[in-house]
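Worksheet: one structure, shown below.
The values are calculated or read from the model by the stated rules, or taken from the named source; none is laboratory data. Just so it is clear, the model here is predicted, and its values are computed rather than measured. As a convention, Cβ positions derive from the backbone with ideal geometry for all residues, glycine included, and neighbour counts pool all protein chains shown. Accessible surface is based on the protein model in full, side chains and every heavy atom, while ligands, DNA and RNA are left aside. Shrake-Rupley method; radii C 1.70, N 1.55, O 1.52, S 1.80 Å.
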Amino acid sequence: MWKVKALPNMCTSPLLQSRTTSYRNYSPTALSKAFCLVIDENGSVGGAARRYGVPESTLRDRVLGKVDPEATRSGPAPVFSLEEENNLVDHLKKMALLGYGYSRAEVIDTATIYAVSLNKRDEDHPLSLKWFRNFMTRWPELSVKKPRSLDLYRAKATSEEVVMAYFAKLDEMLTKYKLKDAPERIFNVDEKGLKQNHSPPFIVGSSSSSTPLAVTSGRGMTVTIIGAGNALGQQVPPYFVFPGQRMRQELLNGCLPGTDGTVSESGWSNTAVFMTYLSTHFLKYVTASRTEDEPILLLYDGHRSHINLPLIDWARDQHILLFVLPAHTSHVLQPLDLACFGPFEKIYNSLCHRQMRANSTTGIDRYSVCEIACNAYTKALSPENLRSSFKKGGIYPLNSGVVDRAMYAPARALNKCTSNPATKEGDFPQVSEVGPQGDHSSADGGLHDVRPDLFKEREDSIGQRKKVPKKRRCLSSVVSGKPITEEVCRNKIAAYQAESKKTPTSRPLKTKAKKVYTISSQQSQPGPSSPPALQHIIASTRAPPSSDNDSASDIDDTADKCCVCRRVRPIELAESIYFTSWGQCMFENCMHWTHIKYCCSVTRLRAKDTFYCPCHGLPCLQPADQ
């Protein structure tokens, strides 16, 4: 009987292991730098290869002239030279850094335009997807990623100057009130909207079938959960805001001990709800002692519902230091947003998916939201996540350099001076922040001195505006990044609110304005600040060209009846259900309202008509040029 001798495991053979390694697992830029080190600075081939992580034999072949120094692979040469591809790579990195990166198709289109400008291609023969794959292979520091969306306001607001000013003020407050070594007295509060119609997680299904389905409740009711915790890792029980008119205890079925809630018309928090939360719920679970010299610090965003003088005065009486985060920077500075509410949303969606499976016929109703959210809240706002959130926010321990400098790049581009569109090279972070290697930044921190006009024009166009918008003073500019319970800031808020009350909220109606309204003949008497039965307007309104908008408060309060019959409804329609059309007089300083058809000779008004009421003894319908 023949016996077969067992062969060694071929998978462990060093020869096969070397064959399975990645081909050219190094950057062409690193190879170019190693080559320049040997040629220009008389360095050794072995030392340059070890320094830049490239194969010694590959570098030696280029030094000896056996291989073209610009060759990046075997076979035909690429369309672009190494320097030209460097320019393209730098441009792709910079546009991605600014938040305006290219997709695959856009990279191919841009490279085609670049090749046409270099007379290496014509417009009838564009580059293909195969070129893109080879290009990505030659530049391993590039990769295709799904970007995270960033709101335009956040992109503009997250500047290095704003963030550094915030940390400087925070450092001042932590030192003044002895909070640097008291994590139990540093709190953050934030709100999160929950929907019954959850986003289903990834599921396992057949690979041969089409996209699988996930049944959801299909309801759009929004419930707000207010969460809080401190830098020591202690969480405050959740507080819910349900949509409705009356709070029912059944809405809190299955909640955690200490959970409470209320209702609002929309299901979102407002000034009254936030004040109730702090005074009756939050303060009940704050165990740290509070004195005038050693208050607790509460950080939150600058929503209007969080800023009012009664709340500030109450907080000062309770020895609570309210600190408002800079506007539109919660994605980089709000602790709960950084490490807690992200996991909370994922856990909530996963639990909703399980709930739908367990209750396949009923789904998720408003009485199930609290129990599901409480379970997710406990796991997401764990002590580890809370401590990590304050660390990522740079609050405890205090660290002003915690924000990635790449986050400042969009603000630099969008907020640059419009009078000088050309951006200085040093105004942007180095390209090396995007790729781990292969950057071609100069020694002083700038990029290439010479770039194609195509790329430079596109980069410089980011942030250019036709005209500089006029800055308007708002409450955010008063409280952003400041402790609002301090006397100086409180006085500024009081002065702003007093000034806002004196400033009219709407513009007066211009002379050349004409409105046509239609109201029900059975409408009751109009309100004190509206034209005749304005709440039943059906016809459209044409605002004057010089006016930005128009509202019901723009109408004269005295013009609530017809200037002819002195009635809201014409006598002919007193007992009918037909609708009545109104016309407003366009005679200078008149503003009277008149029933169309019944109290004047005009039966219909069009967009370009000029209407005078009968009080002036003139024809009611004037030519368009008057």
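As an exercise, use a Förster radius of 22 Å and the Cβ-Cβ distance of Glu172 and Gln497 to find the FRET efficiency, rounded to the nearest 0.05.
On the way: r = 25 Å, r/R0 = 1.15.
So, using R0 = 22 Å, E works out to roughly 0.30.
With all protein chains present, how much of the accessible area of the stretch 319-400 (probe radius 1.4 Å) comes from carbon and sulfur, to the nearest whole percent?
48
Of the peptides 589-596, 359-366, 393-400, how do they stack up when ordered by the mean number of other Cβ atoms within 10 Å, highest first?
589-596, 393-400, 359-366
Sum up the charges of everything whose Cβ sits under 9 Å from the Cβ of Lys482, counting Lys and Arg as +1 and Asp and Glu as -1, but leave Lys482 out. Show your work: numbers first, answer last.
On the way: positive: Lys169, Lys492; negative: Glu486.
Taking every other residue near Lys482 into account, the sum is +1.
For the stretch 172-282, rounded, prolate or oblate, judged on the Cα gyration tensor with a ≥ b ≥ c (square roots of eigenvalues), a/c < 1.5 rounded, else prolate if a/b > b/c? Display every interim value, and only then the final one.
Values: a/c = 2.85, a/b = 1.56, b/c = 1.83.
In terms of gyration-tensor shape, oblate.
FRET efficiency for Ser305 and Leu64, Cβ-Cβ distance as r, R0 = 60 Å, nearest 0.05?
0.25
Which entries of Lys145/Lys346; Lys146/Lys392; Lys392/Lys416; Lys145/Lys379; Lys156/Lys195 have Cα-Cα distances beyond 26 Å here? Walk me through the numbers on the way to the answer.
Values: Lys145/Lys346 21 Å; Lys146/Lys392 23 Å; Lys392/Lys416 28 Å; Lys145/Lys379 29 Å; Lys156/Lys195 29 Å.
Distance filter (> 26 Å) returns Lys392/Lys416; Lys145/Lys379; Lys156/Lys195.
Label the stretch 85-244 by shape, choosing from rounded, prolate and oblate, from the square roots a ≥ b ≥ c of the eigenvalues of the Cα gyration tensor; if a/c is under 1.5 it is rounded, and otherwise prolate applies when a/b is larger than b/c, oblate when it is not.
oblate
Which value, in Å², gives the accessible area per residue of the stretch 203-294 when a 1.4 Å probe is used on the protein heavy atoms?
So the stretch 203-294 comes to 53 Å² accessible per residue, rounded to a whole number.
What does the net charge come to around Glu384 if you take all other residues with beta carbon closer than 15 Å to its beta carbon, with K and R at +1 and D and E at -1?
+4
How much length is gained on full extension from Lys145 to Ser477, taking 0.36 nm per residue of separation minus their Cα-Cα distance?
On the way: separation 332, 0.36 × 332 = 119.52 nm, distance 3.56 nm.
Residue separation times 0.36 nm, minus the Cα-Cα distance, leaves 116.0 nm.
Among 323-334, 121-132, what's the highest-first ranking by average C-beta atoms within 10 angstrom per residue?
On the way: 323-334: 22.3, 121-132: 12.6.
Per-residue Cβ counts within 10 Å, averaged per peptide and sorted highest first, yield 323-334, 121-132.
Which of rounded, prolate, oblate describes the stretch 53-156, given a ≥ b ≥ c as roots of the alpha-carbon gyration tensor eigenvalues and a/c under 1.5 marking rounded, otherwise prolate only if a/b is larger than b/c?
oblate
Just add up the charged neighbours of Gly394: K/R +1, D/E -1, any other residue whose Cβ is under 14 Å from the Cβ of Gly394.
Charge balance near Gly394 sits at +2.
Nearest 0.05, what FRET efficiency do Glu161 and Glu265 give at R0 = 60 Å with Cβ-Cβ as r?
0.95
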